[in-house]
Amino acid sequence: MSPQLPARARVVVIGGGVIGASIAYHLAHAGWADTLVLERHSLTSGTTWHAAGLMTCFGSTSETNTAMRLYSRDLYARLEEETGQSTGFRAVGLIEAAADEDRLHEYRRVAAYQRRLGLVVEEITPTEIAERFPFAKVDDLLAGFWVPGDGRVNPVDVTMALARGAKQLGVQVIEGVSVHQVLTERRGGVDSVVGVRTSAGDLECEFVVNCAGMWARELGERNGVVIPNQAAEHYYLITDTVAGLTPDMPVFEDPAAYGYYREEGGGMMVGLFEPAAAAWRPEGTPADFAFGELSPDWERMGPFLEMAMARVPITQEVGIRKFFCGPESFTPDLAPAVGEAPGMRGYFVTAGLNSVGILSAGGMGRIVAQWISSGRPDVDVTGFNLDRFHRYQLAPAYRAARTAEVLGTVYAAHTPGTQLRTGRGVRRSAVHDRLAAQGALFRDVTGWESADYYAGPGRSPEPEPSWGRAGWFERWEAEHRAVREGVGLMDMSFMAKYLVTGPDAGAFLDRLSGASVNGPSGEIVYTQWLGEDGRLEADLTVTKLADDEFLVVASDTAAGHVLAWMQRQVGEDRVAIQDVTTAYCQLNVQGPRSRDLLAEVVDSDLSTQAFPFRTARWVHIGCAPVLLVRITYLGELGYELYIPTEMAVHVYELLTQAGERHGLEHVGLRSLSSLRMEKAYRDYGHDIDNTDCPLEVGLGFALDLEKPGGFIGRDAVLARKDAAKAVGGHRSRLVQILLTDPEPLMYHAEIVYRDGIAVGDVRAASYGWTLGGAVGLAFVTHPAHEGIANPEWLRSGDWEVDIAGERYAAQVSLAPMYDPKNERIKI
């Protein structure tokens, strides 16, 4: 007999694993007790029940991830007092072993970053590792990192405690009911959730949250939602009883040996994240799979298991009580799939937790519940927003290959320059083969093959991961200087491009944009899109081609988000939105000699008087019509060329032929990064995100606060501006930061000090070949609650940056250190 369902609920959570239970618990605490959890079998029956139960926070240089884990750890420690249900949490501590120099350097960076966010972590010697975890072989280890507050939990008990807490506040949890379909209606131009169809009948709702784990992809596809998670085999074993091993023994991890270790029932659990994994059932997860195990592949796992057990030799001497293989789901980039489905309203997803579901669930549940109840996330979600995915990633061949590889990176060293090799060559620009002939080292840019740098004609470079100066730095410098001093050609075809047309197109985009974008035709405008809270949603350009025709160009990583944002805002406007990303190849010609080169091939006058900065005009290059836009992201005189894809090679040949007379260099993304960083140009999703106010991150100049009709978020920005004016400025600012020593390198998440006090961190960085040192963008906050991060505060302090435990002197500036008056881009 089917369980009795209510006629309606405000929110339906689909899936009764730990994440579904957490979202329901946090919705209830937010006052949304009219929430229903539907579980097809029994709570925890998918993958939660067999999770290893690690509650560890160490290892992330993401503020969102670190805060999420710290919150989970704290929640699991106090849930029993609230609900009466134990979570099994024991703060036994974590030891993370560093077995090689790359890992040691990485972990020192991680430790410095996470300490600032409140994680207590200490570097310890191999001898101290042995004192805390005497079972480990430590003679070949370099160091360890001790986190006393981390530990272990019981995954089933955590889930039951969350579910009980939710029910105590009025949430209903019903087991034995499958959801077959999310029901929608077209409202305001967007498919909106109105209910769910289940094995026990239909019911109405306003929101659904797809927490279906391994089944999330297939459920999502029924509504056209792209969730490319894929189950993979995950292994651990439990030995017979080990003398002296108690439940209070620390968790020990040695990623170089592929293993994690903790006490379980008097024996030792040895868990594995092997470098060559295996996807499970890419054709689809069986609907009736529950509390299931998989047949282990001993032949494949043998070498990895031997290596893991060799780190803790006692595991080779006692018997094995249990050898377990079960499925865990993974995403193509090892980040979760979270957020509101693009093109829909009310359909949320939280899936693909990549084997860190237990330690993430508490914090993730809070984030998603807050997102649903308020309409906006209160943390940076740019790294895991669902709208980053692409439909091709649903292909079984892609999922099978990528999942097998990406699981293997869980315990890999995260050395800069490391690349994934599966799922490559899927998206290529029209000039790909020509770039390969120039010696391009390609890297994956949201599925596009894009040149990182060029080794030279006829060469086939391979990635050279390194925390230091790799062999290709010389080529990088040459490309950088070519743009600063001559002229460079860059393929940017991966940029997202949308044609927005219709009678209301101008008014529609002007309402979305902080800047005035509905001015004269033939003009490009740099602008931000904001939420109602006045915080960033997008950072892009809008080009007015005609009164009823506009081109919106955004970064590749923001493609899905920009499209989804437009779709949700259209309402009754007479507007059509067309993705033209692949219709046009984008070649950028940049540098002080760019005009001289283009003048030889373009059929128009390119003088400053005839073609000033921000001009956009259709021209001809050879036989091809080209939208030529005078704009730069590199800080020099430059142009973007939008070429019909089928004519791109024709235009490329004409450009390179003319370029021979002007010293044209092919330029890759390494130089894009270093050139834009010297100019302090922002990049949404890297150094600015959805939590930022444009005033604090130096983008106030791009807002037209006086334009008729205003824009989304204007009132919130004005209120924040008035509040800052009343106290003399903002407490936090995004600043450019430059190391005075030319040798050390910055990448991301380095801690920034002023007069010996940690005041911020580097959000993104590169090497400034023109400025003469590592340069980045850092978000800094005055340590005093009433303090202001004004120019005087920035000038007066002694600034330093911590790189893996060593501090280096630095300079900071609100204005770009390179060409602060923008004279070079307007010549």
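The values are calculated or read from the model by the stated rules, or taken from the named source; none is laboratory data. Keep in mind that this is a model prediction, so the values were computed, not measured. We place every Cβ from the backbone using ideal geometry, glycine too, and count neighbours over all the protein chains shown. For accessibility, only protein heavy atoms count, side chains too; no ligands or nucleic acids. Shrake-Rupley method; radii C 1.70, N 1.55, O 1.52, S 1.80 Å.
Scan Ala136, Ala98, Ala130 and give me the residue that is over 30 Å from Val780 (Cα atoms), of a type outside the set (D, E, K, R) and surrounded by fewer than 20 Cβ atoms within 10 Å (Cβ to Cβ). Let's see the steps before the verdict.
Working: Ala136 fails: surrounded by fewer than 20 Cβ atoms within 10 Å (Cβ to Cβ); Ala98 fails: surrounded by fewer than 20 Cβ atoms within 10 Å (Cβ to Cβ).
That would be Ala130, the only listed residue that is over 30 Å from Val780 (Cα atoms), of a type outside the set (D, E, K, R) and surrounded by fewer than 20 Cβ atoms within 10 Å (Cβ to Cβ).
Here are some residues: Gly560, Gly635. Which one is within 29 Å of the chain's Cα centre (by Cα), part of a loop (DSSP other than H, G, I, E, B) and either within 25 Å of Arg484 (Cβ to Cβ) or not hydroxyl-bearing (Ser, Thr, Tyr) (or both)?
Gly635
For the criterion of being free of Cβ contacts under 8 Å to residues at least 24 places away in the same chain and of a type in the set (Asp, Glu), Glu537 fails. Once region 657-671 is narrowed to residues that are touching a helix residue (DSSP H, G or I) at 6+ places or on another chain (Cβ under 8 Å) and open to solvent by less than 30 Å² (accessible area, probe 1.4 Å), the residue that is farthest from His620 (Cα to Cα) is Ser671. Where residues in region 234-267 are part of a helix (DSSP H, G or I) and more than 24 Å from Ser329 (Cβ to Cβ), which of them is least open to solvent (accessible area, probe 1.4 Å)? Out of the qualifying residues, it is Ala257. Can you name the residue in region 352-363 that is touching a residue at least 60 places away in the same chain (Cβ under 8 Å) and under 15 Å from the mean Cα position of the chain (by Cα) and is also farthest from Leu94 (Cα to Cα) among such residues? Ranking the qualifying residues of region 352-363, first place goes to Gly352.
For region 168-188, which residues satisfy the criterion of being in a loop (DSSP other than H, G, I, E, B), open to solvent by 20 Å² or more (accessible area, probe 1.4 Å) and either of a type in the set (A, V, I, L, M, F, W, C) or in contact with a helix residue (DSSP H, G or I) (Cβ under 7 Å, 6 or more places away or on another chain) (or both)? Scanning region 168-188 gives Leu169, Gly170.
Does any residue of region 567-583 turn out to be open to solvent by 30 Å² or more (accessible area, probe 1.4 Å), under 21 Å from Ala702 (Cβ atoms) and either among the small types (Gly, Ala, Ser) or part of a strand (DSSP E or B) (or both)? Within region 567-583 (the criterion being open to solvent by 30 Å² or more (accessible area, probe 1.4 Å), under 21 Å from Ala702 (Cβ atoms) and either among the small types (Gly, Ala, Ser) or part of a strand (DSSP E or B) (or both)), the answer is no, since none of the residues qualifies. Applying the criterion of being open to solvent by less than 20 Å² (accessible area, probe 1.4 Å) and of a type in the set (S, T, N, Q) to the residues of region 47-67, the residue that is farthest from Val12 (Cα to Cα) is Ser60. Residue check: Tyr392 meets all listed conditions (1) open to solvent by 20 Å² or more (accessible area, probe 1.4 Å); (2) farther than 19 Å from Val226 by Cα; (3) among the aromatic types (Phe, Trp, Tyr) but one, namely (2). Scanning region 708-731 for residues that are in a loop (DSSP other than H, G, I, E, B) and more than 17 Å from Glu532 (Cα to Cα) yields a count of 5. Taking the conditions (1) in a strand (DSSP E or B); (2) closer than 18 Å to Val580 by Cβ; (3) under 18 Å from the mean Cα position of the chain (by Cα) in turn, Lys544 satisfies each one other than (3).
Would you check if there is a residue in region 637-649 being out of contact with any Phe, Trp or Tyr (no Cβ under 8 Å at 6 or more places or on another chain), closer than 28 Å to Arg511 by Cβ and in contact (Cβ under 8 Å) with a residue 12 or more places away in the chain?
Yes.
Of the listed requirements (1) more than 18 Å from Gln114 (Cα to Cα); (2) of a type in the set (Val, Ile, Thr); (3) surrounded by 18 or more Cβ atoms within 10 Å (Cβ to Cβ), Val762 misses just one: (1).
A quick yes/no check of all residues on (1) on the phi < 0 side of the Ramachandran plot; (2) crowded, with 19+ Cβ neighbours inside 10 Å; (3) in contact with a helix residue (DSSP H, G or I) (Cβ under 7 Å, 6 or more places away or on another chain); (4) among the basic types (Lys, Arg):
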{"position": "Arg69", "(1), (2), (3), (4)": "yes, yes, yes, yes"}
{"position": "Glu81", "(1), (2), (3), (4)": "yes, no, no, no"}
{"position": "Gln114", "(1), (2), (3), (4)": "yes, yes, yes, no"}
{"position": "Leu117", "(1), (2), (3), (4)": "yes, no, yes, no"}
{"position": "Glu122", "(1), (2), (3), (4)": "yes, no, no, no"}
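Does region 131-154 contain any residue that is in a helix (DSSP H, G or I), over 30 Å from Pro6 (Cα atoms) and more than 33 Å from the chain's Cα centre (by Cα)? Among the residues of region 131-154, at least one is in a helix (DSSP H, G or I), over 30 Å from Pro6 (Cα atoms) and more than 33 Å from the chain's Cα centre (by Cα), which makes the answer yes.
Out of all the residues in region 319-348, which are within 24 Å of His50 (Cβ to Cβ), open to solvent by less than 20 Å² (accessible area, probe 1.4 Å), over 21 Å from the mean Cα position of the chain (by Cα) and among the hydrophobic types (A, V, I, L, M, F, W, C)? Listed by number, the residues that qualify are Phe324, Cys325.
With the structure loaded, tell me whether Pro228 is part of a loop (DSSP other than H, G, I, E, B), of a type outside the set (Gly, Ala, Ser), touching a residue at least 12 places away in the same chain (Cβ under 8 Å) and open to solvent by less than 20 Å² (accessible area, probe 1.4 Å) or whether it fails that test. Yes, satisfied. Every listed requirement among (1) assigned to a loop (DSSP other than H, G, I, E, B); (2) of a type in the set (Gly, Ala, Ser); (3) modelled with pLDDT of 95 or more is met by Ala276 save one, (3). Among residues of region 702-715 that are on the phi > 0 side of the Ramachandran plot and modelled with pLDDT of 95 or more, those with a Cβ under 7 angstrom from a residue that is part of a loop (DSSP other than H, G, I, E, B) and acidic (Asp, Glu), sequence gap 6+ or separate chain, pair up as Gly713/Glu532; Gly713/Asp533.
Yes or no: region 27-42 includes at least one residue that is within 30 Å of Arg115 (Cβ to Cβ) and of a type in the set (A, V, I, L, M). Checking region 27-42: not a single residue is within 30 Å of Arg115 (Cβ to Cβ) and of a type in the set (A, V, I, L, M).
Okay, residues lined up against (1) surrounded by 12 or more Cβ atoms within 10 Å (Cβ to Cβ); (2) part of a helix (DSSP H, G or I); (3) modelled with pLDDT of 95 or more:
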position	(1), (2), (3)
His785	no, no, no
Ala789	yes, no, yes
Trp793	yes, yes, yes
Asp802	yes, no, yes
Tyr808	yes, no, yes
Met817	yes, no, yes
Lys821	no, no, yes
Ile825	yes, yes, yes
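Taking (1) in contact with a helix residue (DSSP H, G or I) (Cβ under 8 Å, 6 or more places away or on another chain); (2) surrounded by 16 or more Cβ atoms within 10 Å (Cβ to Cβ) in turn, Val619 satisfies each apart from (1).
Taking the conditions exactly as written (of a type outside the set (Asp, Glu), farther than 20 Å from Asp202 by Cα and open to solvent by less than 10 Å² (accessible area, probe 1.4 Å)), does Tyr25 satisfy them or not?
Judged against the criteria, Tyr25 is a match.
Residues that are assigned to a helix (DSSP H, G or I), open to solvent by less than 40 Å² (accessible area, probe 1.4 Å), touching a residue at least 60 places away in the same chain (Cβ under 8 Å) and out of contact with any Cys (no Cβ under 6 Å at 6 or more places or on another chain) are absent from region 36-46 altogether.
Against the definition (open to solvent by less than 10 Å² (accessible area, probe 1.4 Å), assigned to a loop (DSSP other than H, G, I, E, B), modelled with pLDDT of 95 or more and more than 23 Å from Met309 (Cβ to Cβ)), how does Leu162 come out, yes or no? No; evaluated as a whole, the condition is false for this residue.
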